[in-house]
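Here is the structure we will look at.
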Amino acid sequence: MCALIAKPLAVSRAFSPGHITGMVKTQNAVNGQDFLHRGSEGAGFSIDLGVTTTVSIYDDDASSYQILINGRSVESADVSRFVVEEYLRFIRRSYHVRIEHKVDIPIGFGLGSSGAAALSLSFALNRALKIGLNPEQAAQIAHSADVACGTGLGTVIAEYSGGFEIRSFSGAPGIGRISKTELNGYRAIILCMAPISTKSILSNDPGFDSASGGAFLEGLKITMNISDFLASSNQFASTMGLTEGACKEPMEAWKSDGFLSSAALFGATVFTLVPKKLAPKAEQSIGSFKGKLITCGIDNIGARVL
């Protein structure tokens, strides 16, 4: 780590929004480990909280890297390790790479933190190391990391695009197909109650490539309507048993006050989307429930270098 005493050769910073998936239909690649063609169809929206990643490059005798999450050095950040090791293949010099993730969303609650970390890191590394990939190519590395590590299937392409999106064909950016609508004047109200490991769910094959996910998506493709999205998401989450347990009572409280809501995929997390003027009422409806209450805007831009 003596390299850190010196001034960095380059510093780059990038941001990726978090994301909530309301419904999903998984697809598997024909070619086994072809990560770029694996993914999911689905629908969701990006939020204006997420992950900001700063990459600092130092000259060193041997290639190495350090990963920090909110100021703490970590060893188990598999997605970030996948991304940085892919980038080290592009270069011939030895560098020490310092990676600092500033995560503004709870980790493990279905808010897309793994995909956002991978995407912001890929964008920052591409700039700092002067690799020269275009944004789509950099996003493809992040998608591969998310899929390979079992932490997501369609989050990266959604966070890359931003806004309210429907993913109509699975795959990485440039391969998957996505329809995006900007949501202006809306607020997301989110209550995070308990984490759920996306990796454990995906590895256990929950069967959400059944007809239900596809049927809800087909109807939503026609309207691209927020009320229809919330209603369809609620029905889909119900088929998976996600609207029971901790999620049940806050969702019933919202319903009694006239708000449509659903459960995030995947986490004991409930959410709704409301016009900005109704946000205080939506917050008040579930203010008595335990958990982390988040009110935020919609990110209509998607991942970017800062």
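Since every read-out is calculated from the coordinates, none of them should be taken as a lab result. All values derive from a computational prediction rather than experimental measurement. Positions of Cβ are backbone-derived with ideal geometry, glycine not excepted, and every protein chain shown enters the neighbour counts.
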*Using the alpha-carbon atoms, what tilt in degrees (0 to 90, nearest 10) does helix 78-88 show relative to the longest principal axis of the chain?*
40 degrees
*Nearest 5 is fine: what % of DSSP beta bridges in the chain come out antiparallel, could you say?*
90 percent
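How about region 103-187: which GluC sites (Glu not before Pro) there are in a DSSP loop, with at most 15 other Cβ atoms within 10 Å of their Cβ? Each step should come with its number before you reach the end.
Numbers: sites: E136, E159, E165, E182; in loops: E182.
When the GluC sites (Glu not before Pro) of region 103-187 are filtered for loop state and at most 15 Cβ neighbours within 10 Å, E182 remain.
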*asked:* Can you return the lysines within cross-link range of K290? Criterion is Cα-Cα under 16 Å, with same-chain partners fewer than 8 residues away left out.
replied: K248
*Using alpha carbons only, how many degrees (0 to 90, rounded to 10) separate the axis of helix 211-223 from the longest principal axis of the chain?*
90 degrees
*I20, I294, I131 arranged by Cβ crowding within 10 Å, fewest neighbours leading*: I131, I294, I20
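Taking only DSSP H segments of four or more residues, each worth -39500 (n - 2.57), what value at 222 nm results for the chain once the sum is divided by all its residues, to the nearest 500 deg cm²/dmol?
-9500 deg cm²/dmol, from helical runs alone.
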_Straight-distance crosslink candidates among lysines, where the alpha carbon sits under 26 Å from K180 and sequence neighbours closer than 8 are dropped_ = K25, K221, K276, K277
*Could you tell me which trypsin sites (Lys or Arg not before Pro) in region 105-169 are loop residues by DSSP with no more than 16 other beta carbons within 10 angstrom of their beta carbon?*
K130
*asked:* Per residue of region 129-145, what does 6.51 cos²θ - 1.76 cosθ + 1.60 with θ = phi - 60° give for ³J(HN,Hα)? Whole Hz please, x for Gly and Pro, Karplus curve as stated.
replied: 8, 6, 6, x, 6, 7, x, 5, 5, 5, 5, 5, 5, 5, 4, 4, 5
*About the Cα centre of region 2-180, how large is the charge dipole given +1 on each Lys and Arg Cβ and -1 on each Asp and Glu Cβ? Please answer in debye to the nearest 20.*
280 debye
*³J(HN,Hα) across region 39-55 via Karplus (A = 6.51, B = -1.76, C = 1.60, θ = phi - 60°), whole Hz, x for Gly/Pro?*
x, 8, 8, x, 8, x, 8, 9, 10, 7, 10, x, 10, 9, 10, 10, 10
*Relative contact order for region 2-180 using alpha-carbon pairs under 8 Å, separation at least 6, rounded to a whole percent?*
30 percent
*Dividing the Cα radius of gyration by the Kirkwood radius, what Rg/Rh value follows for the chain?*
0.99
